[in-house]
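**Student:** What follows is a structure written as structure tokens; I'll ask about it next.
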Amino acid sequence: MKRIIYATISTLALVSAAPLFAQNNASDVAQAGEAGLVLVEQQQGSDNDAVAEQAEGSVDSDIKIYQTGNGATATSTQGEGVGNESIIGQTAAGSVVVGQDGDRNESSVVQNGDSSVELSQTAGQGGYVNNDSMISQTGDGSIIRVSQTNLEAEDTNRSNVFQYGDFQSADVTQVGPRVGSTVTQEASATGASATVDQSGFSHSAIVSQSAADASVSVVQSGIGAGMGSFIAPITHSARVTQWSSATGSDASVIQSGEGSEGHNAIVSQRGTESSAFVSQSGDGVEQYSLVLQSGAGAQALVDQQGEGNDADITQDGDATYARVYQQGGFNTATVDQPSDGASAYVAQIGDTNASEVTQTGASLAAVAQIGSGNVATVEQTDAGNRAGIGQGVTADLAELLEGDYDSVGFASAADSHASIVQNGAGSDAAILQTGSGHDAAITQAAGTTGNLALVTQAGTANVATVLQASSDNQAVVNQSGMGNSATVLQ
């Protein structure tokens, strides 16, 4: 009952025994297989062109094309068969090309305005492959390209794209099973562009843009232990949200790995002219990155290599900068910048290191950890402070604070603790630790200015405490050997 070829070139063609063509309209329909339906309806308008074709045993396949006005062109081609469906609707200017090749593919396209869509879905051989795609565009030169390819995996590709107005463009490429992508760009996102590239198993990307001139790019890749047999459940996940206030912001996420678990990245941008870059790679346990930007001109960079690493960056202040680099396993880094003009640098190489930086003033903080089990904490509550913690790092601290890095060397540290609290303004503090089991703390009290505190520890289990409760003090502590203790009160 479903084998119908129904092409309506104009409204009169429904009741006319002879074909009747409106000006510049054209329709070309071909069908093969069983239980297929082709319905092409073009009403009024000019330059409409629709070509629908089903072949290669198109079982239960459907093609439906609706077009009116302004030179729209739609082409839907379905091959191999098994439950394919394509529904295309255009009103006014637009162009659609859809190609589906096998295994229960579905495609729906709705366009209004100067839009253009290219969609290609190619299923693998065998398995329970199920490609699915939904595209909706409304006005203002939107362009979408989606390509989904399955490779013998008993899995599902999925892509949903919604664009509403202005100069938007979305490019989604998915290869492999259980990937999935959702891109939403609203009318206020003038000139916005979103790119999602996923390959290899169980990935998910969600991109939402409602800000003017914002840009998002997501790349995720990972291959399991054998295409034709068991496939490791790699699950990379990326969620990028650009709110309407995030004019001119951009975000990029790159995730790769072939281990038993995937990586997870979340980026939220509310401030104008902000930038976020996240790169996560490794074949082991999931790595996690969280970037929250609500301040204007914020910049965040995260680079994680290994497994089980965690980086959290929150930037509520304007013109803030945060950079986190992690190499190894199960390191954690937290940067919180609620005030304007703060800068933080964190580098962790090794395993199970932890660092936390909190800046409520326009100050500079740098943490470098090389080794394992080290803990570093920096808290700055006023402006003009500089703080540095190096665990597994050697240097001349005086030269380092003046920007001379020639004396920097790399060693190793383990199970050491370092803490710097700067509640005053315009002060410097630094702690260097090599060896193991050290504990160092520097506190510069509120209301103080111009203080300098330097602590160097080498050996094992040394303890140093420096408290500066007045201004313009200098304290230098050098410890080597084992079990030494020093306390400085100024």
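Only the coordinates and a few stated rules stand behind these numbers; no lab work does. Just so it is clear, the structure is predicted and the values come from calculations on it, not from any experiment.
**Student:** Given a cut-off of 20 Å, what percent of all Cα-Cα pairs of region 426-487 lie beyond it? It would help to have the intermediate numbers written out before the result.
**Tutor:** Working: 503 of 1891 pairs.
Roughly 27 percent, once rounded to a whole number.
**Student:** Continuing with this model, one more query. In cubic angstrom, how much convex hull volume per residue do the alpha carbon atoms of region 260-405 span? Intermediate results must be reported in sequence, preceding the final value.
**Tutor:** Numbers: hull volume 12.5 nm³, N = 146.
With only Cα atoms used, region 260-405 gives 86 Å³ per residue.
**Student:** Also, quick follow-up: Non-local amide H neighbours of Q391 (under 5 Å, H modeled in plane, Pro and chain starts lacking H): which ones?
**Tutor:** The list, which skips near neighbours in sequence, is A368, Q369, I370, Q433.
**Student:** On the first, second and third principal axes, largest extent first, how far apart are the outermost C-alpha atoms of region 320-472 in Å?
**Tutor:** So the extents along the principal axes, rounded to whole Å, are 37, 29, 26.
**Student:** Give the long-range amide H neighbours of G308: residues separated by 5 or more places, or on another chain, with amide H under 5 Å away, using H modelled in the peptide plane at 1.01 Å from N.
**Tutor:** Counting only residues 5 or more places away or on other chains, the set is V285, E286, Q287, F330.
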